[in-house]
Amino acid sequence: MSALRRSLLFSFAEKYLMLLLATLGSMVLARALTPAEIGVYSVAAVLVGMAQVVRDFGVGQYLIQEKELTPDKLRAALGASLLVAWPLAALLVLLAPALAGFYHQPALRAVLQLLALNVALVPCSAVALPLLRRQMRFAAIFSINLTHSLAQLGCSVALALLGFGALSLACGALAGTLAATCASLCCRPAGAPLWPGRRGIAAVLRFGAYSTAGGLVDEAGVAAPELIIGRVIGVAEVGIFGKANGLLGLFNQAVTSAVSPVVFPLYAARARGGLDAKQAYLTTVAYITALAWPFFGFVGVMAEALLDLLYGPQWRAAAPLIRVMCFSSAFYSMFSMARYLLVALGQVKAQAGLDATAVPLRVAALLLAAPFGLYWVAWAVVLGALYRGWLTYRCLARLAGLRCGELLLAVARSAPLAALSCAGAALARHWPALPDGPARLALAGAAALLLWLLGIGLLRHPLAAEFALARRRAWALLVK
């Protein structure tokens with residue numbers, strides 16, 4: 001098995017196990033906590049999420065894309081991470097009372113202060129994890145992330161069942177970070193520094209300034225719906241919107257977040273070697289859309305049944321939002337890896353400019369839509385995704401030589417594949433002989449999966465070659 005396929009295998013195994021654990025935890029927590037309690041934590045999480053972008057300060061991307069790493073550069077990277085993270089954590093603690101007052105939620109103060117400790121702790125693994133990714137040691141990353149997820153899930157569920165409300169989620173996040181820090185020390189790669197250094201720190205900070213500026217603006221756009229909803233509509237509505245986002249986000253947890261740690265080093269390695277990274281990007285797009293478009297179509301068709309199964313009937317108000325935002329999620333899946341290609345090509349300034357251009361329209365649309373309710377907020381999200389996708393394509397065309405025809409050719413077989421798969425789910429949903437509930441959902445899932453597998457072969461999708469290779473390897477193992 002090639003190093004790339006082995007890395008993808010470990011990355012997907014990690015993400016699917018994490019997804020299983022997260023889904024089980026969500027099923028328990030959605031029934032143990034109220035929408036308002038989850039809404040309070042969601043507001044805190046998006047506020048701290050913006051701080052996390054600044055906290056990293058591009059150190060991870062710097063370590064992966066840097067052509068030659070020296071001990072001085074590694075110590076400088078650790079120094080830069082600490083220099084930014086610790087003052088930022090202190091600032092969050094100080095701002096927590098004012099933010100709680102702004103949202104009229106006293107419980108938000110303690111949640112924010114607990115999450116601020118995460119910001120202070122994360123630099124402990126700020127160098128080790130990127131080095132492991134650069135070396136494509138995904139087995140070690142698997143161990144670290146599994147430790148994190150188990151600690152976070154166990155603590156969150158236990159405290160939620162004991163009645164700690166939103167604090168249970170914050171304590172769980174802190175427990176996960178502590179566990180991951182210990183695990184990263186055990187799996188520390190050779191050369192990872194234990195102490196920070198000053199020599200070369202200016203170069204890290206210069207790279208991080210552009211990377212962080214773009215990432216912060218992008219994170220602001222991601223966080224804007226929850227922050228605006230929480231202020232204009234209410235924290236309970238934040239919880240409902242969060243469940244819609246959470247269901248759509250399952251694809252990101254299952255696929256995108258498993259692929260990105262592998263393709264970023266791959267793109268960077270090709271760029272460092274003077275090879276064409278654009279073709280690797282187009283192959284990635286073909287594979288991702290073959291998974292994303294059928295997934296989002298299925299989620300849109302079976303939204304109520306999925307909400308009932310995962311979170312309970314009290315969250316059905318999220319179903320109309322899911323059906324609208326499926327369009328934006330499916331469309332933007334074509335560009336979900338563009339950030340990694342641009343950074344790998346050394347175009348971190350262009351990525352920052354793209355973020356700075358795309359986010360203001362998204363925020364403006366959300367501000368205009370929020371007074372009219374969650375449904376219109378969902379359409380504002382779609383508008384923002386369409387605009388950002390157009391900007392991203394223009395950027396890739398200019399800097400990577402991407403042409404519209406090449407992009408359309410890459411997704412040409414994914415569109416009919418998605419239509420075939422969704423037709424199976426739609427037929428099962430409207431089958432008159434079955435009652436609503438898990439049986440109908442299971443039939444819809446089976447029909448969509450079978451037609452998807454059939455379509456892979458009939459349409460000769462590029463994924464068919466990967467399936468054929470997997471079959472040959474499995475057969476070779478069986479006959480040994």
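The values are calculated or read from the model by the stated rules, or taken from the named source; none is laboratory data. All of these numbers come straight from a predicted model, not from anything done at the bench. Here the Cβ is made from the backbone with ideal geometry for all residues, glycine too, and neighbour counts use every protein chain on show. All accessible areas refer to the heavy atoms of the entire protein, side chains included, with ligands and DNA or RNA removed. Shrake-Rupley method; radii C 1.70, N 1.55, O 1.52, S 1.80 Å.
Before moving on, here are some points about what is shown:
- Residue in region 74-86 that is at pLDDT 80 or above and either more than 30 Å from Gly242 (Cβ to Cβ) or surrounded by fewer than 23 Cβ atoms within 10 Å (Cβ to Cβ) (or both) present: yes
Condition check ((1) without any contact (Cβ under 8 Å) to a residue 60 or more places away in the chain; (2) farther than 18 Å from Ala166 by Cα) across all residues:
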| site | (1), (2) |
| --- | --- |
| Ala77 | no, yes |
| Ala85 | yes, yes |
| Ala90 | yes, yes |
| Pro97 | yes, no |
| Tyr103 | no, no |
| Pro106 | yes, no |
| Val111 | no, no |
| Leu121 | no, yes |
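- Inclusion of Ala330 among residues that are at pLDDT 85 or above, surrounded by 23 or more Cβ atoms within 10 Å (Cβ to Cβ) and in the same structural domain as Gly384 (by the TED database) is warranted.
- Residue match in region 340-348 (condition: closer than 30 Å to Leu29 by Cα and among the hydrophobic types (A, V, I, L, M, F, W, C)): no
- From Leu386, Leu391, residue being assigned to a helix (DSSP H, G or I), in contact with a helix residue (DSSP H, G or I) (Cβ under 7 Å, 6 or more places away or on another chain) and either open to solvent by less than 30 Å² (accessible area, probe 1.4 Å) or not assigned by the TED database to the domain that holds Gly346 (or both): Leu391
- Only a single item in (1) surrounded by fewer than 21 Cβ atoms within 10 Å (Cβ to Cβ); (2) modelled with pLDDT under 90; (3) part of a helix (DSSP H, G or I) is not met by Gly424, and it is number (1).
- Arg429 vs. criteria touching a Pro at 6+ places or on another chain (Cβ under 8 Å) and among the charged types (D, E, K, R): no
- Taken together, the residues in region 440-459 that are among the small types (Gly, Ala, Ser), surrounded by 15 or more Cβ atoms within 10 Å (Cβ to Cβ) and farther than 16 Å from Ala303 by Cβ amount to 2.
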